[in-house]
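The values are calculated or read from the model by the stated rules, or taken from the named source; none is laboratory data. These numbers were taken from a predicted model, which means no experiment stands behind them. When we count neighbours, we look across all protein chains shown, and the Cβ atoms used for this are built from the backbone with ideal geometry, even at glycine.
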Amino acid sequence: MLYSNRDLRKLIIPLLVEQVLAIAVGMADTIMVSAAGEAAVSGVSLVDTVNILLINVFSALATGGAVVAGHFLGKKKKEDACRTAWQILLFATLLALFISAVFIVAHDRLLRLMFGQIEPDVMQACKTYLVITAVSFVALAVYNSCAALFRAMNYAKVTMWVSILMNIINVVGNAICIFGLHMGVAGVAVPTAVSRYVAAILVFVLILNPERDISLHGQIHLRFDGALIKKILYIAVPNGLENSMFQLGKILVISAVSTMGTAAIAANAVCGALASWNILPGMAVNLAIVSVVSVCVGAGEYGQARYYTKKLCFVAEAGTIAMSALLYFTAPLIVGLYHLSPEGSEMAIEVFRFHAVMAVFFWVLSFSISNTLRAAGDVVWPMAVAIISMWLFRVVAAYVFTYAFHFGLLAIWVAMIIDWIFRAICYLFRYRGHKWELFGAKE
């Protein structure tokens, strides 16, 4: 077998720690900024939907690079894996520079296009947060690219320690800027940008080590390798388009939520943060699936790819059940930390408990199996299913529930679960067949 239980623990545990830190710090950001009022919480939550869209773009590129590099590692072609590493880093960095420039220059128009005529104080919070965080997109691209490559080498512990440092800087910076300097929304954004640059520099320096299976040593130049870029983009573009359309759909859904008032926007933001905790084990395992299966496919071991998929999905499901049980019963206590209005608190508790129950039955089937398909190079089917499902079942249903039937916030999340169920059915159908195995065999 390519991976022992020890190898899997070595990969999954650091990824789990990273996910815990990322979500905990995001939660701490929201709690800290809540001291500035619901308008600040709403502004940060709205812009975070945009930031997550861009994070997904960079993550998709990183995944594309990691999958191609993983295939090369499975074939014992170290030099090709190293060349892939530099190509994805170069491409992602230049793309991030372009996106940062667009968002900084056109932030006002973009925000009004996406969120319409929201309350003035919420809009001002959005502008402040977006401009400052846009400065850090380059760092985000570098960090995501290098982190994905370390996972492909089964060195997730490296990025775990970098993530710990990054999040310490973020939290301490938040405390100083919000409570000490009273910077409000800017007090959350500035430490985020600084911590991302520190993390990006560190992982870049670490991946220069020539003794690693994937290293940038001797690879740095300003020339694109057309053949490698094509391979990377074949994985990254469908994955990025899927993630971007998914996030764009979420933005449109939030536009519907914004018509329900500030209390609903704030409640939805809190539920989003708690939902991240609910699926935390699954998110960590999904990253591991990409790394493990890509190496199995590169080695031509499809039986092992299926074996590890089942094993890792079982781990993800066990973790989801445990988190759902814990969060269902502690939801009132956690929601109380956000200082929402009584109306907002009541909505948040109702919605999150619904999510906790549904995640047990549908989340892993909806979001984990598809990573095996992508790691094998079967990217068009998952993309098509995700986009159709997102727009047909989540976006359209959310608007119908909101504008035709005038249902409340819970109906928005019901539409999301319908989306999950459709995805699960389609991905299981594809996985049980053998077409996805043919994509890896073509290389």
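Here are a few things to note about the model shown:
Every residue, every condition in (1) part of a helix (DSSP H, G or I); (2) closer than 27 Å to T84 by Cα, yes or no:
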{"site": "R223", "(1), (2)": "no, yes"}
{"site": "L228", "(1), (2)": "yes, yes"}
{"site": "Q247", "(1), (2)": "yes, no"}
{"site": "I251", "(1), (2)": "yes, no"}
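- For E242: the one exception among (1) of a type outside the set (S, T, Y); (2) assigned to a helix (DSSP H, G or I); (3) without any contact (Cβ under 8 Å) to a residue 40 or more places away in the chain: (3)
- Odd one out for V138 among (1) under 25 Å from H221 (Cα atoms); (2) without any contact (Cβ under 8 Å) to a residue 40 or more places away in the chain; (3) of a type in the set (A, V, I, L, M, F, W, C): (2)
- The sole residue among F401, F352 that is part of a helix (DSSP H, G or I), over 30 Å from A299 (Cβ atoms) and under 21 Å from the mean Cα position of the chain (by Cα) is F352.
- Within region 217-239, tally of residues that are in contact (Cβ under 8 Å) with a residue 12 or more places away in the chain and either of a type in the set (D, E, K, R) or under 19 Å from K157 (Cβ atoms) (or both): 2
- Qualifying residue in region 56-74 (condition: closer than 30 Å to A263 by Cβ and surrounded by fewer than 24 Cβ atoms within 10 Å (Cβ to Cβ)): yes
- Of all the numbered requirements in (1) of a type outside the set (G, A, S); (2) buried (at least 24 other Cβ atoms within 10 Å of the Cβ); (3) more than 15 Å from the chain's Cα centre (by Cα), C82 misses one, and that requirement is (2).
- Test: residue in region 148-156 that is surrounded by 24 or more Cβ atoms within 10 Å (Cβ to Cβ) and under 16 Å from the mean Cα position of the chain (by Cα): yes
- Restricted to region 60-79, and to residues there that are touching a residue at least 24 places away in the same chain (Cβ under 8 Å) and charged (D, E, K, R), the residue that is nearest to S370 (Cα to Cα) is K75.
- Scanning region 416-443 for residues that are small (G, A, S) and at pLDDT below 90, we see that the one that is nearest to the chain's Cα centre (by Cα) is G440.
- Annotation: of all residues in region 345-403 being surrounded by fewer than 19 Cβ atoms within 10 Å (Cβ to Cβ) and among the acidic types (D, E), the one that is modelled with the lowest pLDDT is E346.
- Filter pass, T309 being polar (S, T, N, Q), over 20 Å from L410 (Cα atoms), buried (at least 17 other Cβ atoms within 10 Å of the Cβ) and without any contact (Cβ under 8 Å) to a residue 60 or more places away in the chain: no
- Of the helices (runs of 4 or more DSSP H) lying entirely inside region 32-131, those containing at least 3 residues that are small (G, A, S) are 38-74, 78-105.
- Of all the numbered requirements in (1) among the hydrophobic types (A, V, I, L, M, F, W, C); (2) in contact with a Gly (Cβ under 7 Å, 6 or more places away or on another chain); (3) surrounded by fewer than 16 Cβ atoms within 10 Å (Cβ to Cβ); (4) at pLDDT 90 or above, I201 misses one, and that requirement is (2).
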